[in-house]
Structure formats: structure tokens, C-alpha cells
1. Can you name the residue in the stretch 336-351 that is within 16 Å of ligand 1 (Cβ to nearest atom) and assigned to a loop (DSSP other than H, G, I, E, B) and, of all such residues, is farthest from residue 13 (Cα to Cα)?
2. Report yes if residue 277 is surrounded by 24 or more Cβ atoms within 10 Å (Cβ to Cβ), in contact (Cβ under 8 Å) with a residue 60 or more places away in the chain, in the same structural domain as residue 195 (by TED's automatic domain parsing) and away from ligand 2 (no atom under 16 Å from the Cβ), otherwise no.
3. Return the residue satisfying two criteria in turn: it lies in the stretch 205-242 and is out of contact with any strand residue (DSSP E or B) (no Cβ under 8 Å at 6 or more places or on another chain) and within 13 Å of ligand 2 (Cβ to nearest atom), and of such residues it is nearest to residue 273 (Cα to Cα).
4. Among (1) touching a strand residue (DSSP E or B) at 6+ places or on another chain (Cβ under 6 Å); (2) away from ligand 1 (no atom under 15 Å from the Cβ), where does residue 175 come up short?
5. Would you confirm whether or not the stretch 160-175 contains a residue that is assigned to a helix (DSSP H, G or I) and under 21 Å from residue 271 (Cβ atoms)?
6. Please go through (1) within 16 Å of ligand 2 (Cβ to nearest atom); (2) surrounded by fewer than 18 Cβ atoms within 10 Å (Cβ to Cβ) for residue 149 and return the number of the only condition it doesn't satisfy.
7. If a residue must be farther than 17 Å from residue 19 by Cβ, in a helix (DSSP H, G or I) and in contact with a strand residue (DSSP E or B) (Cβ under 7 Å, 6 or more places away or on another chain), how many such residues does the stretch 136-159 contain?
8. Among the candidates 243, 259, 170, single out the residue that is modelled with pLDDT of 95 or more, surrounded by fewer than 17 Cβ atoms within 10 Å (Cβ to Cβ) and closer than 28 Å to residue 46 by Cβ.
Ligand code: OSB
Ligand code: MG
């Protein structure tokens, strides 16, 4: 496949409702989309970095720099080294992208946006759905909801109630110091049977072990990333001290990280985010590791538009994704998504599209309406 041009757009989109985590409140999404073109086909990838480096070290601006100044040139360089003179990038399979970008350390969300665009482009050329291209087998995926921190317990209970009524298969509740045990107890009392989990976004330390031991009584499905964003050693100690399964999010950036965390016993579940781990190929490796070692895995979310959401739905169709993911339908996030049809949920399930590529149409007018900046690289010149 000949990659002839790459376009990077920056979009600003207002969210349906504000989303609060232990690192702040968000009302808008400021994100990058990458378009890779070959002949009449265009493939789309989404960069899931947040506008500031609160979740991880990457942010929208740093990703734009990484893609434009380092990643596109690295692809061209790799292609030239493979004996293809000129600026066009020639590849046989999108699995080669992570290899071609390996000389650049980390910058995983930037890499993933570019790699995702190439997977979509390749899938379209081959006439495969993204799910088929990734090796997915499920026709439908189970959907969970991630609920941000609410001011009051009453507001949270109302939101959880609406989510249960909407059919979500599990409810994730963000926690932070001061909004944790009592709040979760109030929810559990109101919803004794609902599959509930908590996500701390790395806001605690081992000094809070007793707090997490007290949470054992709530029968949570798991507690996500309770400790530092870069830790797998303290998580091992916490997991040994509590019954509730620990799920790792921020700490896992690669299959190597996952291997080490599994070896240590730092958790029993991994939240796989395509962006955080540097792309589809790395996500597939982590999915395989989880399967081989008997860990549950599920697909995390980063408040994606329909483009990133379509990639998530496709990867979640792999058999190692054994628990509901944070892949809520489009309407949960946007007044109007940039894809048509939007991602919809029925009875807590999303049907994995079978049409080539994303399986949803990207609407050019909607893209343009939200675009604040656009750079296009013609690789043929
Ligand atoms: O920790 O999983 C997280 C959103 C932004 C950054 C980090 C996280 C989240 C979510 C929302 O939990 C998941 C979603 O609905 O997309
Ligand atoms: Mg998380």
C-alpha cells in the first residue's frame, strides 16, 4: 500500500456534559484527527491525548509536534531504508507501522493516531471491517459507562439509576480523596445488585490501604488505578492486601509493562486503551498476554469522537476483551457526532460494524465545522 498524503486536524468539540475526574473538570474535547490517503481511500485515526498532560505526559499540542516533526519523517525514513526512494510510504501491512515508529521513544498517543489511520486505510483497501482486520470475533460487545465525580451523592445516585435503566452492563464511578468510601456505600445501598467499579485515576498511595480494605465490603468488580500513574510495585502490595481486583490503566504503556505487572501480581485486570499503549499492534499483544495468563481485559475510553470510538468497538471484539468496556454510544458524549450513523447501544450492547474500515461514515461538513487547525503533508512531492 502506498501512503500518499497525511493530514492532521485539530478539532474542538463541546461535550454533552462536563466530565470530572481526580485531575479536573472537562467541558470540551480538544483533539487531533489523522487522515492517511492512498488513491481514493482515506483512513482515519484519532489522537486521544487530553488538552493538558494530566492523565499522562502527552497532550494535544505535544502530539501534533510529535506527529508532524518526528513520526511522519520516521515513517518516510523507514520506507526509504526498505528500498523505496522518494517520500511516499510503502507498506505491506499496518503491523509494520509500530516497528517503523519504534526508533521514537514513547509518544504513544501520537503514534497510535497515525497507526490507526493506516489500519483504517488498509482495511478499506482490503475490503475488511476494522474488527476483521484486527482479528475480532465478537459480533456484539458489552458496554459499560464511566461516570465522572458528582457534587452530591443524590446527583450520583440519579445518574447511576439512569445508566442502569439505559441498560449499561456495568457502571464505573470516578473517585478522589474525600469522594470515595461513603459515596460508594451510598450507591451500593441504593443498587445492591448492580455491577459497580471505581476508578481513582492514580489519586491515592499505600497510606490509604485501610480505605481500600474497607471498600472490599462493597463487592466492587474492580478498583481501577488506585495508586501512582507510573507504579506497578505498590499496586502489587495493595492487591495482596485487598480482595477487590485491582485494574491497571495509567501504569501500562506496552506489552512489556503488562508482562511485568502480571509477573509481579500488580493487578488482576488490564484496561487496554489503544492510544495509551501506542496502537493496535501493541493492544493485540496485551490482549494475547491477558488471555494466556488468565487476566481479564477490557477496552478503556478517552472521551473519543466517533472515529476513536469505532476503533475501540473493533478492538473490543477480540476474544481477550472479556469485560464490558468504556465504549458508551455517541449520544452520551456529543450533541452530534462526526460519524453517520452514530454509535448506538441496544440493551447494553453495541453491534460491531461489518462494513469496510471504520464501518461508520465520516461526515466531512461536521469535521470541517469543528476544525480549528489543519496541516496536510503531500508525501509524493
Ligand atoms: O481513566 O479511564 C479513565 C476519560 C478521560 C481520561 C481518563 C479516563 C476517562 C474515562 C472516560 O474514564 C471513559 C470514556 O467514557 O470514554
Ligand atoms: Mg482509568
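1. Per the criteria, the residue is 348.
2. no
3. So the residue we want is 229.
4. (2)
5. Kept after step one, since they are assigned to a helix (DSSP H, G or I), are these residues of the stretch 160-175: 160-166.
Narrowing further to those that are under 21 Å from residue 271 (Cβ atoms): 160, 163.
Within the stretch 160-175, one or more residues are assigned to a helix (DSSP H, G or I) and under 21 Å from residue 271 (Cβ atoms).
6. (2)
7. The total comes to 0.
8. One residue alone meets the criteria, 259.
The values are calculated or read from the model by the stated rules, or taken from the named source; none is laboratory data. Note that the structure is predicted; figures quoted are calculated from it, not measured. Cβ atoms come from the backbone with ideal geometry, glycine included; neighbour counts cover every protein chain shown.
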